[in-house]
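Read the structure below first, then the notes.
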Amino acid sequence: MLFIIISSCQTRNEFPDVSNQIDFAYKQLKYSDKVSDKNLNGIRYFSIDSLLIETIGFEYRYKLIYDSNNKLIEEYGCRMYNCDVGSRKLYFYDKNKNLIGNFYTSDSIVDRDTITFEQTKFYNSNNLLKKELIQSGKNVKGKYFETWKEYKYLDNQIIKEFETHNSDTIWIGKYEYNSDNNLSRIERKLGDKYEIEDFEYSKPNRIKKHTIKSNEHKIDKHTSYSVNNNSTEYIYYENGLIKEKIHFNHLGEKRWKYIYEYKTKSTKHNTVYN
């Protein structure tokens, strides 16, 4: 089924449209509308199977490569828009097709079978993610750190989450679900500190609003925006594709809005695949 979307707004391209270089079925055009000025912010290209195959933005370009089973095996980041040079992120899976780690390189030729990479994701006997490395590196004092998340399940749904920084527990999370088995709340606490995420849905599996509230960082009258206290609303086309994403601060003031439009490869009509 095809849905027709006609755009009458004038936009300002700040990067090239390379549609003629890509074999795609349809593309998603992302516009920013921060202050009543609508500008093209990015283009994402999809295959006939609705797989994301390429992303173009201001001074960046990413290609996604899949195997014959539509499993992502590589992401290639181009320098500016020149894809003769760039960086590669290789994806590795276990025998059950679970993602277990990545390998980063700028070499154009590598042997996937001999690469040594760090496993960062671990699974239980039901192929459910039980533990993953979220972040690692050195802090401002030069000390190495690792941040991990561990998950507990009931009937194949996450019910608890434990986040640790080195050996210290920094969050204990509890997951709740609605009658459609969609995630409705994540409540993270440690002592008096809390972070709560709420999810509302317009239809099963179609999120309408995401809200996050936390007292981890102080908010006062001078705070205009808090990364841990905000909300995002989502609006969709009839076929379920995202139409608008609107972001609000802790006072309910709109911070920014993204508008999404879709076009098939044909340039004669603006159409959307369902």
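The values are calculated or read from the model by the stated rules, or taken from the named source; none is laboratory data. All figures in this text were calculated on a predicted structure; none of them were measured in a lab. We place every Cβ from the backbone using ideal geometry, glycine too, and count neighbours over all the protein chains shown.
Taking the conditions exactly as written (charged (D, E, K, R), modelled with pLDDT under 95 and in a strand (DSSP E or B)), does ARG44 satisfy them or not? No, not satisfied. In the condition set (1) modelled with pLDDT under 95; (2) on the phi > 0 side of the Ramachandran plot, LYS141 is compliant with all but (2).
Residues checked against (1) outside any strand (DSSP E or B); (2) touching a residue at least 60 places away in the same chain (Cβ under 8 Å); (3) surrounded by 15 or more Cβ atoms within 10 Å (Cβ to Cβ):
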| residue | (1), (2), (3) |
| --- | --- |
| GLU132 | no, no, yes |
| GLY137 | no, no, no |
| GLY142 | yes, no, no |
| LYS160 | no, no, no |
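Taking the listed residues PHE3, PHE15, PHE24, the one that is at pLDDT 95 or above and either assigned to a strand (DSSP E or B) or surrounded by 11 or more Cβ atoms within 10 Å (Cβ to Cβ) (or both) is PHE24, with no other qualifying.
When restricted to residues that are surrounded by 10 or more Cβ atoms within 10 Å (Cβ to Cβ) and either under 21 Å from ILE73 (Cα atoms) or touching a residue at least 40 places away in the same chain (Cβ under 8 Å) (or both), region 110-130 contains 13.
Considered as a group, the residues in region 93-109 that are β-branched (Val, Ile, Thr) and in a strand (DSSP E or B) include one that is surrounded by the most Cβ atoms within 10 Å (Cβ to Cβ), and that residue is ILE100.
The strands (runs of 3 or more DSSP E) falling completely within region 213-265 include none with 1 or more residues that are hydroxyl-bearing (Ser, Thr, Tyr), touching a helix residue (DSSP H, G or I) at 6+ places or on another chain (Cβ under 7 Å) and modelled with pLDDT of 95 or more.
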